[in-house]
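The values are calculated or read from the model by the stated rules, or taken from the named source; none is laboratory data. This is a predicted model, so every value here is computed, not measured. Cβ coordinates were reconstructed from backbone atoms using ideal geometry, including for glycine residues, and neighbour counts include every protein chain displayed.
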Amino acid sequence: MSRTTMEEPSELETITELLREKAKALKATKKKLKKVEDKFVEKTKLYLTDRENLARLLIETYNDPEVQNLLSVEELGSYSYDALKPVLEQAKAREHQKLRELTDADLIPDMQRQIDVYKEEFKNFNDQINQHKQIIAANAQELDQCKADNQHKDALIKELRKDNDHMKARMNSLQKTVQEQSAYIEDVKEVYEDTTVKK
């Protein structure tokens, strides 16, 4: 009985340990995926930074005092506003083209979709980890219950052994009494037989 009780907690401990290892592995995978997501975010930021830099360059060009001066002085003939306007428009169109190339219509949405996929995977991993935590908690509770039952059974076994020892002592005492009584009866028989023979 004691042997069976001892085997059950051992098996539960093994299951609990395996589940803990699984939870650790899932956490490690989650960290790796987080690094991948960070790289995607970093790349996205780089693309956005390039775009901002180009836009800033364009604004600085338009705001340059020399350019503003050329735009405002029409007496400069070939450098008048009318002559300069198409050149600036072309420059602006080229800058817009560069921006379009840098922020390719499919690139960032694709990256965002990939990040969303990873986020969904993270969520699934989190759900799995939470499920495993619940299983571990349930197993730990069951293990504690088994330990408590085992302690109770051990106490009961000790009590039974104590009663058994007491009964053995009582039996030995009774056996001794029976032996003494038997010896006494034998003595009485002998005396009785002697008396009968003499008569």
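Just a few scattered comments:
- Condition check for Ile135: touching a Phe, Trp or Tyr at 6+ places or on another chain (Cβ under 9 Å), among the aliphatic types (A, V, I, L, M) and either over 26 Å from Thr14 (Cβ atoms) or modelled with pLDDT of 80 or more (or both): no
Yes or no, residue by residue, for (1) among the acidic types (Asp, Glu); (2) surrounded by 11 or more Cβ atoms within 10 Å (Cβ to Cβ); (3) out of contact with any strand residue (DSSP E or B) (no Cβ under 6 Å at 6 or more places or on another chain):
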{"site": "Ile115", "(1), (2), (3)": "no, yes, yes"}
{"site": "Tyr118", "(1), (2), (3)": "no, yes, yes"}
{"site": "Asn124", "(1), (2), (3)": "no, yes, yes"}
{"site": "Ala140", "(1), (2), (3)": "no, yes, yes"}
{"site": "Gln145", "(1), (2), (3)": "no, yes, yes"}
{"site": "Gln151", "(1), (2), (3)": "no, yes, yes"}
{"site": "Asp165", "(1), (2), (3)": "yes, no, yes"}
{"site": "Val188", "(1), (2), (3)": "no, no, yes"}
